[in-house]
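**Q** What follows is a single structure, and I will ask about it in a moment.
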Amino acid sequence: MTDTTHQPQAPGKEDGLIGRFLRATELDPRLIGMVGALFLIWIGFHAYGALFLGDGSFLTPRNLWNLSVQTASIGIMATGMVLVIITRNIDLSVGSILGVTGMYMGLLQVEWLPQLLGLGHPAIWVITVIFGLLLGALIGAIQGGMIAYLSIPSFIVTLGGLLIWRGVAFLAADGRTISPVDPTFALIGGGPYGAIGATGSWIVCALGCAGVIWLVMNGRKNRRLHGFALRPAWAEWFMGLLGCGFIIGATLVVNAYPWPKGILQQYYQSLGQEVPEDAFIAHGFAYPVLILAVVGILMTILMTRTRFGRYVFAIGGNPEAAALSGINTRAMTVKIFTLMGGLAGLAGVIASARLNSATNALGDLDELYVIAAAVVGGTSLAGGVGTIYGAIIGALVLVSLQTGMVLIGFGDGSYRKIVIGAALVIAVWLDIVYRKRIK
């Protein structure tokens with residue numbers, strides 16, 4: 001008998017041009033919908049500002065650069081929240097974990113380590129970052145252990161964690177704001193000096209395009225090796241050009257945003273020179289954005305190329321069947337929440353570095369934005385479905401809504417909460433409709 005499992009299916013007469021295009025490129029319709037919604041949001045805010053305020057400032061290099069930096073901490077935590085929700089759990093404590101790790105990192109580098117190592121010691125920021133990651137992972141492991149081995153629902157454990165860790169953060173410094181942080185540590189948060197500049201950005205662009213080309217070629221090679229159906233050659237070219245085009249476009253945008261005049265003056269004064277009339281120094285990619293990109297790539301590999309990722313989807317699809325098949329679901333739960341805590345600690349590094357301080361409001365309500373980002377990005381609350389890139393796009397959508405409302409004059413937090421809440425409800429409703437259509 002001839003095995004036709006992996007033979008390409010002939011497109012039916014009912015397939016239109018769009019259907020054949022999606023079949024050939026294997027693009028996720030939900031991804032296309034999210035990207036389309038994101039562009040509509042951007043164009044809408046820019047058009048509103050141009051028509052009614054006389055200032056279309058949304059689609060500018062300055063705003064898009066700031067938008068990418070603001071998305072970093074939420075996006076990083078959202079990649080971990082995808083795993084949590086896929087396995088039919090929830091983590092309401094990530095904002096508080098960010099806050100408590102940020103506060104202890106502030107105390108460590110401002111009050112404790114300088115007394116031991118000396119003010120400005122080069123190891124201070126390294127020790128602080130490692131401490132923040134480990135503290136976040138430890139908190140996540142404790143909560144995961146309670147969920148897995150004490151059978152306490154994740155909603156209750158993490159709701160308690162939301163209150164406990166927020167209180168611990170306040171008591172750690174008696175409600176004080178800890179600042180300023182170590183100068184090298186502060187660079188992790190972005191800013192003119194917390195970016196890699198034009199040359200570094202083009203190097204990253206070249207590496208990114210090379211990676212896209214390698215992925216396309218290697219994917220085609222593996223399909224041929226295992227006897228899977230090959231995508232048409234034009235589809236491979238399209239995917240490669242699409243990926244490279246996105247990276248090149250992002251590079252052009254970040255390199256079009258110059259340093260402010262005040263920073264330029266300080267920079268040239270430090271060199272003992274006058275500021276040239278045509279002085280232009282580009283920001284380039286900010287460190288938080290590069291960290292988010294690395295986290296996104298690593299988390300995608302973890303979810304799609306490892307046994308750990310397969311176990312996550314198996315548990316989300318059917319926890320009982322996963323346990324009966326030999327998967328240690330309890331240990332997996334602990335690992336997932338440990339990873340979530342570590343990512344919250346990393347987000348705490350970026351958030352406190354960006355503010356150049358550790359405050360009691362650090363990470364406040366971030367748990368809601370993180371969960372909303374994952375859900376808006378296509379992660380199903382029913383479990384078993386979710387993507388890393390979807391969560392990052394979801395985070396970008398939410399931050400775009402917040403930023404856009406500020407730019408058009410609706411800076412009051414009440415309006416932003418209403419919009420975010422509505423976006424979350426609509427996203428869940430669309431997920432329900434989509435799942436019904438699939439069935």
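**Q** Only one of these conditions is not met by residue 207: (1) free of Cβ contacts under 8 Å to residues at least 60 places away in the same chain; (2) not in a helix (DSSP H, G or I). Which number is it?
**A** Of everything listed in (1) free of Cβ contacts under 8 Å to residues at least 60 places away in the same chain; (2) not in a helix (DSSP H, G or I), residue 207 misses just condition (2).
**Q** Go through 197, 208 for me and flag whichever is on the phi > 0 side of the Ramachandran plot and open to solvent by less than 80 Å² (accessible area, probe 1.4 Å). Write out each step before concluding.
**A** Numbers: 208 fails: on the phi > 0 side of the Ramachandran plot.
Unique residue meeting the criteria: 197.
**Q** Looking only at segment 137-170, how many residues end up being more than 30 Å from residue 182 (Cβ to Cβ) and open to solvent by less than 30 Å² (accessible area, probe 1.4 Å)?
**A** Of the residues in segment 137-170, 8 are more than 30 Å from residue 182 (Cβ to Cβ) and open to solvent by less than 30 Å² (accessible area, probe 1.4 Å).
**Q** Suppose we filter 424, 355 for residues that are more than 14 Å from the chain's Cα centre (by Cα), assigned by TED's automatic domain parsing to the domain that holds residue 80 and more than 29 Å from residue 168 (Cα to Cα); which single one remains?
**A** 424
**Q** Next question, about the same structure. Assess whether residue 174 counts as being more than 24 Å from the chain's Cα centre (by Cα) and open to solvent by less than 40 Å² (accessible area, probe 1.4 Å). Spell out the reasoning first.
**A** Numbers: more than 24 Å from the chain's Cα centre (by Cα): yes; open to solvent by less than 40 Å² (accessible area, probe 1.4 Å): no.
No.
**Q** So which residues in segment 46-64 are touching a helix residue (DSSP H, G or I) at 6+ places or on another chain (Cβ under 8 Å), open to solvent by 10 Å² or more (accessible area, probe 1.4 Å) and within 29 Å of residue 348 (Cβ to Cβ)?
**A** Residues satisfying the conditions are 61, 63, 64.
**Q** Checking the condition free of Cβ contacts under 8 Å to residues at least 24 places away in the same chain and β-branched (Val, Ile, Thr), which residue from 216, 294, 253 passes?
**A** When all the criteria are applied, what remains is 294.
**Q** Would you mention how many residues in segment 364-382 are out of contact with any Asp or Glu (no Cβ under 9 Å at 6 or more places or on another chain) and open to solvent by 10 Å² or more (accessible area, probe 1.4 Å)? Walk me through it before giving the result.
**A** So in segment 364-382, the residues out of contact with any Asp or Glu (no Cβ under 9 Å at 6 or more places or on another chain) come out as 364-366, 368-369, 372-374, 376-377.
Imposing the further condition that a residue be open to solvent by 10 Å² or more (accessible area, probe 1.4 Å) reduces the set to 364-366, 368-369, 376.
Residues flagged as out of contact with any Asp or Glu (no Cβ under 9 Å at 6 or more places or on another chain) and open to solvent by 10 Å² or more (accessible area, probe 1.4 Å) within segment 364-382 amount to 6.
**Q** Is it the case that residue 361 is among the small types (Gly, Ala, Ser) and either surrounded by fewer than 24 Cβ atoms within 10 Å (Cβ to Cβ) or more than 18 Å from residue 134 (Cα to Cα) (or both)? Please lay out each step first, then the result.
**A** Working: among the small types (Gly, Ala, Ser): yes; either surrounded by fewer than 24 Cβ atoms within 10 Å (Cβ to Cβ) or more than 18 Å from residue 134 (Cα to Cα) (or both): yes.
Taking the combined requirement at face value, the residue satisfies it.
**Q** What do you reckon, is residue 74 under 13 Å from residue 400 (Cα atoms) and assigned to a helix (DSSP H, G or I)?
**A** Details: under 13 Å from residue 400 (Cα atoms): yes; assigned to a helix (DSSP H, G or I): yes.
Spelling it out, residue 74 is indeed under 13 Å from residue 400 (Cα atoms) and assigned to a helix (DSSP H, G or I).
**Q** Hey, another quick one. Cβ-Cβ under 9 Å, sequence separation 6+ or interchain: first residue in segment 229-240 and without any contact (Cβ under 8 Å) to a residue 24 or more places away in the chain, partner aliphatic (A, V, I, L, M) and assigned to a helix (DSSP H, G or I). Which pairs?
**A** Within 9 Å, the pairs are 236/216; 236/217; 237/216.
**Q** Starting from segment 168-180, take each residue that is assigned by TED's automatic domain parsing to the domain that holds residue 106 and list its partners that are exposed (fewer than 15 other Cβ atoms within 10 Å of the Cβ) and in a helix (DSSP H, G or I), counting only C-beta distances under 8 angstrom and pairs at least six apart or across chains.
**A** Close Cβ pairs satisfying both conditions: 178/111.
**Q** I've got another one for you. Which condition number does residue 101 fail, the rest of (1) among the polar types (S, T, N, Q); (2) open to solvent by 60 Å² or more (accessible area, probe 1.4 Å); (3) in a helix (DSSP H, G or I) being met?
**A** It is condition (2) that residue 101 fails.
**Q** Sticking with this structure for a sec: Within segment 323-339, is even one residue in the same structural domain as residue 138 (by TED's automatic domain parsing) and at positive phi?
**A** Yes, segment 323-339 contains at least one residue that is in the same structural domain as residue 138 (by TED's automatic domain parsing) and at positive phi.
**Q** Does residue 134 satisfy the condition of being open to solvent by less than 60 Å² (accessible area, probe 1.4 Å), assigned by TED's automatic domain parsing to the domain that holds residue 405 and in a helix (DSSP H, G or I)?
**A** Against the criterion (open to solvent by less than 60 Å² (accessible area, probe 1.4 Å), assigned by TED's automatic domain parsing to the domain that holds residue 405 and in a helix (DSSP H, G or I)), residue 134 does not qualify.
**Q** Another one. For segment 393-401, state whether one or more residues are touching a residue at least 40 places away in the same chain (Cβ under 8 Å), closer than 25 Å to residue 47 by Cβ and over 13 Å from the mean Cα position of the chain (by Cα).
**A** Yes, there is a match, as at least one residue in segment 393-401 is touching a residue at least 40 places away in the same chain (Cβ under 8 Å), closer than 25 Å to residue 47 by Cβ and over 13 Å from the mean Cα position of the chain (by Cα).
The values are calculated or read from the model by the stated rules, or taken from the named source; none is laboratory data. Every value quoted in this text rests on a predicted model; they were computed, and no experiment measured them. Don't worry about glycine lacking a Cβ; one is built from the backbone with ideal geometry, like all the others, and counts go over all protein chains shown. For accessibility, only protein heavy atoms count, side chains too; no ligands or nucleic acids. Shrake-Rupley method; radii C 1.70, N 1.55, O 1.52, S 1.80 Å.
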